[in-house]
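Novice: Dumping the structure here so I can ask a few things about it.
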């Protein structure tokens, strides 16, 4: 009896996202973005040298930042705030690895559109409900907290027809965290192969995308796509629950990714 | 490190270890340091709060050293780890199954799959069989495999296999800058990022003989205690989920989310990352003291009510009582640490044994610990510690608010790196955490760390004295460990 009252006391705590915006999520610094003003070459060089995962490169048009590598250490933001800043946007997941490099340029749109159409065709039938099998392929442990948070009352993904399933036989979507270790390779492949087609793979977190800070070692393959074909990449170190939710929603084509470049 | 005594012969080393164990010193683990020709093994002990080590240098050509497992069962996992990572064999040790990785280095340095593979031979009783449970299990879990021997319902034997997750973090430390190494430390056990960054930074600070500014020490304490609260709540959430207490699960997972959001409000990261650095912290908390105090008060009140109600809910308490009992003797023999040890009556806590940062200036709450040793006792320990953590956080906020002027509020001290080696520690939410850091020419040469998760998981098989399959989830949650920290 006391628990019934306790349950009712809070009222509704669940986010309205994606139907409406979420005040907290929208203000959360979900990724580093590249701004218009370019810092001095010397400062940029410092940013590149200091980046622990080599996420920053400089092209003719200016600096590029790979969110698939970024671990949010904030050094570039400290060195060159006019060029790099945290952006209050958690909708950073993309289908296609190239989409994680910011700022994206317009000419990639054609290839991106093809990629997205493929994902959309695969997942058309998941739109009403999708069952997720999560596999830890060598995470640092924090990613699992964020994945598990999706079922707490704030995110409550069941309301969107998203369910976690115990058996790969019932799963439509494989959500992978961690660097993809040599030790987990067989188990990860076996899980993927046990899933019925059509199926879709989401790599969650910088470690799953590129190996993050761990990168390649004798025991780490440096990213899930060394083992499986990945459809959607969710950046973050670890990705936040909102970031994960967005990634799942674009994977099942409930939400569409922005076209025309990303900042 | 002047706390280290080197033995010239294996026999002398074994004798020194035996003498310490007989005199009741707590075995903290064996940490290795790799040189070009030899590997140095240090057996660490806690002698009434002082950390000391017995060292043996083993030439690669020799490749063997005396096993300590007959002296203390807590040494068994360290010896398997040393063989996995450095190829040295503990002579006289029967269990040589790979633990942290099956990728072994051949003598020439070339990688190979472990030659010793598969489960160790064991004699099964009539009707008993072995079930490999994992590494992919139902639910959102870190990957681990438990080989469970059972005859149907009773769990007769459990053997954890943790090598699936091994990432080779120790190899990544080598040659890293000190700044990058802190980030790596945070990722070696992500749910205890703050504790790992602290233990690493403490080692560097001890090496250069430098402390941190008082306000930085206070900020460190706030982050470390919020991390403890988050981990302890996580453990209770898992119990509520396993026990099918839907409302308690919803309420407490909501609280955990609030703790994570408060941590993100303070520093931008939900796990308190990129805050702790050698010499202090990266900057001022992003929340004003008044708001922080208010947020902490409301969180503490809400958690207190929920946890109190949960411990008064018979259907929850009955599920945990008598489940996964660890006797005081078992806990002592395995020299367990953290809430796992405290639930059985061993009350060691590094924050009091070897206080660091601002802990000496903050009045510690004396917690009365239960000693039943079951899952319920471990959970009661966590509930008490959550309360104590909030008390400590409030004190730290009061003190920080007193530093009003800019001059006094310094967050970091510049450190000039020197070559050498030092040990650092912290009380992670899971228990005592140790880091031995060796610097050379301004970068890291080696890092050897020992997480509480590694040390405590070794006694997990002992937590099934008369327990059944359905107790598994409860016993596992009551240990509150992270597999990333075991196999990193």
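Values quoted throughout were computed directly from the atomic coordinates according to the rules given, and no laboratory measurement underlies them. Note that the structure is a prediction, hence the values are computed from the model and not measured. With ideal geometry, Cβ positions are generated from the backbone for all residues, glycine too; neighbour counts draw on all protein chains shown.
Novice: Give the separation of the Cα centroids, segment B:120-175 to segment B:394-447, in Å.
Specialist: If you average the Cα positions of each part, the centres end up 36 Å apart.
Novice: Distances over 28 Å make up what percent of all Cα-Cα pairs in chain A?
Specialist: 35
Novice: Still on this structure, please answer the following. Can you give me the distance in nm between label points at residue B:60 and residue A:117, each placed 7 Å from the Cα along the Cα-to-Cβ direction?
Specialist: 5.7
Novice: From Cα pairs below 8 angstrom and at least 6 apart in sequence, can you work out the relative contact order of segment B:170-463, rounded to a whole percent? Can you show the working numbers first?
Specialist: Working: 509 pairs, mean separation 89.0, N = 294.
Normalised by residue count, the contact order of segment B:170-463 is 30 percent.
Novice: Sticking with this structure for a sec: Return the average number of partner chain Cβ atoms within 10 angstrom of each residue Cβ along peptide B:68-78.
Specialist: The mean count of partner-chain Cβ atoms within 10 Å per residue comes to 0.
Novice: Evaluate the relative contact order of segment B:4-113 (contact order divided by residue number), counting alpha-carbon pairs under 8 angstrom at least 6 apart; express in whole percent.
Specialist: On the way: 186 pairs, mean separation 23.0, N = 110.
Answer for segment B:4-113 is 21 percent.
Novice: Rounded to the nearest 0.05, what FRET efficiency do residue B:298 and residue B:6 give with R0 = 51 Å and r taken as the Cβ-Cβ distance? Could you check?
Specialist: Once the sixth-power term is evaluated, E becomes 0.40.
Novice: What residue among A:90, A:242, A:28 shows peak mean-square fluctuation when chain A is described by a Gaussian network model with Cα springs under 10 Å?
Specialist: A:28
Novice: Within a 10 angstrom radius of the beta carbon, how do B:93, B:165 rank from fewest other beta carbons to most?
Specialist: Listed from fewest to most nearby Cβ atoms, that is B:93, B:165.
Novice: Hey, another quick one. So if I restrict to the alpha-carbon atoms in segment A:31-87, what is the Rg, and what is Dmax, the biggest pairwise distance, in Å?
Specialist: Every Cα atom of segment A:31-87 included, Rg and Dmax give 9.7, 26 Å.
Novice: Within 10 Å of each Cβ in peptide A:209-215, how many partner chain Cβ atoms are there on average? Round it to a whole number, please. Present the calculation step by step, with values, prior to reporting the outcome.
Specialist: Numbers: counts 0, 0, 2, 2, 10, 9, 3.
Partner Cβ neighbours, averaged per residue: 4.
Novice: I need the peptides B:44-53, B:58-67 ranked by packing, meaning the mean over residues of other C-beta atoms within 10 angstrom, with the highest value on top.
Specialist: B:44-53, B:58-67
Novice: In whole angstrom, how long is each semi-axis of the equivalent ellipsoid of chain B, when you take the square root of 5 times every eigenvalue of its Cα gyration tensor and sort them from largest down?
Specialist: 34, 31, 19
Novice: Anyone know which of A:238, A:229, A:63 comes out most mobile in the 10 Å Cα GNM of chain A?
Specialist: A:229
Novice: Determine the calculated [θ] at 222 nm for the protein assembly as shown from helices alone, applying -39500 (n - 2.57) to every DSSP H run no shorter than 4 residues and normalising by the residue count; nearest 500 deg cm²/dmol.
Specialist: Helices in the protein assembly as shown give a 222 nm mean residue ellipticity of -11000 deg cm²/dmol.
Novice: Going highest first, how would you order B:7-13, B:244-250, B:454-460, B:177-183 by mean Cβ packing within 10 Å?
Specialist: The peptides rank, most packed first, as B:454-460, B:177-183, B:244-250, B:7-13.
Novice: Rounded to the nearest 0.05, what FRET efficiency do residue B:409 and residue A:43 have when you use their Cβ-Cβ distance and R0 = 30 Å? Write out the running numbers ahead of the final one.
Specialist: Working: r = 27 Å, r/R0 = 0.91.
Result of the calculation: an efficiency of 0.65.
Novice: So, one more: Name the shape class, rounded, prolate or oblate, that the alpha-carbon gyration tensor gives for segment B:307-413, where a ≥ b ≥ c are the square roots of its eigenvalues, rounded holds for a/c under 1.5, and otherwise prolate holds if a/b is larger than b/c and oblate otherwise.
Specialist: On the way: a/c = 4.03, a/b = 1.89, b/c = 2.13.
Here segment B:307-413 falls in the oblate category.
Novice: Can you tell me which of A:59, A:146, A:98 moves the most in a GNM of chain A? Springs connect C-alpha atoms under 10 Å apart.
Specialist: Judging by the Gaussian network model, the answer is A:59.
Novice: Oh, and also: Is the C-alpha gyration tensor of the protein assembly as shown telling us rounded, prolate or oblate? Criteria: a/c under 1.5 is rounded; beyond that, a/b larger than b/c is prolate, otherwise oblate.
Specialist: Numbers: a/c = 1.28, a/b = 1.21, b/c = 1.06.
Since a/c stays below 1.5, the shape of the protein assembly as shown is classed as rounded.
Novice: What list do you get for B:22, A:101, B:233 if you sort them by fewest beta carbons within 10 Å? Intermediate values should be presented prior to the final figure.
Specialist: On the way: B:22 9, A:101 21, B:233 25.
Ranked by crowding around the Cβ, least crowded first: B:22, A:101, B:233.
Novice: Can you pull the mean other chain C-beta count within 10 Å for peptide B:182-189?
Specialist: 5
Novice: Given R₀ = 35 Å, FRET efficiency for residue A:10-residue B:312 by Cβ-Cβ distance, to 0.05?
Specialist: Calculated transfer efficiency: 0.95.
Novice: To check you understand DSSP bridge types, tell me what percent of the beta bridges within chain A (both residues inside) are antiparallel, rounded to 5.
Specialist: The answer is about 45 percent antiparallel.
Novice: By its C-alpha gyration tensor, with a ≥ b ≥ c as the square roots of the eigenvalues, how is segment B:421-478 shaped: rounded for a/c under 1.5, else prolate for a/b larger than b/c, else oblate?
Specialist: The shape class here is prolate.
Novice: Please give the per residue volume of the convex hull enclosing the alpha carbon atoms of segment B:118-190, rounded to a whole number of Å³.
Specialist: It is 112 Å³ per residue.
Novice: Cut-off is 10 Å between beta-carbons; in what order do A:207, B:34, B:54 appear when sorted fewest neighbours first?
Specialist: Lowest count first: B:34, B:54, A:207.
Novice: Moving to a separate point now. Please give the peptides B:304-313, A:147-156 ranked by average Cβ packing (other Cβ atoms within 10 Å per residue), highest first, as a rough proxy for protection.
Specialist: A:147-156, B:304-313
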